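Structure first, then comments.
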Amino acid sequence: MAQDKITQRLAEILLSWRHPRFSVYQGEPIAPDDRETRQRLARYMVHPPVALDRLRYHPATAQVAYYARNHGRADGPDASAAHIIPALDFLAALCTHIPDAGQQLVRY
């Protein structure tokens with residue numbers, strides 16, 4: 001029976017919850033008909049933490065080079081613009097971007 005799905009105690013807990021009045025979104029509201037802004041926001045939300053085309057692994061030294069945006073040359077990336085770190089340190093930093101199972105990723 002539908003009435004038995006939520007106990008009286010659960011109903012009391014749900015009714016006693018108070019919103020903490022905390023929000024992380026600080027931008028202007030996006031109009032439903034503003035297609036360009038909605039698309040730009042959607043692209044940002046699914047943007048990966050690492051751009052693979054700017055990433056190079058050097059097996060001989062077990063290091064990762066991550067090149068700054070717009071610092072490439074026609075004949076290859078500019079090595080002086082690279083952030084070079086040990087591969088294990090890079091993996092440890094990258095793992096911090098992996099969400100926990102079931103973690104809410106978009107908060108509006």
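The values are calculated or read from the model by the stated rules, or taken from the named source; none is laboratory data. It should be emphasised that the depicted structure is a prediction, and the values quoted were computed from it without experimental measurement. Heads up, the Cβs are rebuilt from the backbone with ideal geometry, glycines too, and the neighbour counts pull from every protein chain shown.
Descriptive notes on the structure:
- Residue in region 54-108 that is modelled with the highest pLDDT, counting only those that are exposed (fewer than 10 other Cβ atoms within 10 Å of the Cβ), charged (D, E, K, R) and within 30 Å of Gly27 (Cα to Cα): Asp100
- Considering residues of region 26-53 that are of a type in the set (D, E, K, R), modelled with pLDDT of 85 or more and part of a loop (DSSP other than H, G, I, E, B) only, the residue farthest from Pro86 (Cα to Cα): Asp33
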